[in-house]
Amino acid sequence: MTTTEDSAEHHDGLSEVEEAMLEFAGRFYRQPGRQADAIRDEFGVSVTRFWQLVNQLVDTQAALAHDPVLVHRLQRIRAQRDTGRAARARLPF
C-alpha cells in the first residue's frame, strides 16, 4: 500500500494515501457491501483496518487542516457511535 510516491507528504502534511482515505471516508454508500469491496480494491486493506486508520487520521492536525468540515463530521459520527455503544452496554439482558 505504501510506496515512495504514496508516502510523499503534500503541503498540508498528509500523504496521498491519507488524503484518499479521508476523501473515501466522506463518501456515502447505500450498500455496505459495495463500500467494503471498494475499500479492499482501492486501499488493499480490510474494512476494519481502514476505519482504524481513518479514526487515527481524524485526530491529527494535518487532517483537520486539510478538510476541517469532513474531519469534524467524522469525529461527530464516531462520538455518536461511541455513545450508542456505551448505552447498549448498560442495558440489562
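Computed from the coordinates by the stated procedures, all read-outs in this text should not be read as laboratory data. These numbers were taken from a predicted model, which means no experiment stands behind them. Don't worry about glycine lacking a Cβ; one is built from the backbone with ideal geometry, like all the others, and counts go over all protein chains shown.
Helix 68-89 and the long axis of the chain differ in direction by around 30°, with both axes built from C-alpha atoms.
What is the local net charge at Leu70, summed over the other residues whose Cβ is closer than 14 Å to its Cβ (Lys, Arg +1; Asp, Glu -1)?
Working: positive: Arg27, Arg73, Arg76, Arg78; negative: Asp12, Glu18, Glu19, Glu23, Asp59, Asp67.
Charge balance near Leu70 sits at -2.
Principal-axis analysis of the Cα atoms of the chain puts helix 47-57 at an angle of about 70° to the longest axis. Take every pair of alpha-carbon atoms less than 8 Å apart whose residues are at least six positions apart; their mean separation over the length of the chain yields a relative contact order of 24 percent.
Evaluated at 37 °C with a viscosity of 0.692 mPa s, what Stokes-Einstein diffusion coefficient in µm²/s does segment 4-88 have when Rh comes from the Kirkwood expression over alpha-carbon pairs?
Working: Rh = 13.7 Å.
Once the numbers are plugged in, D ends up at 240 µm²/s.
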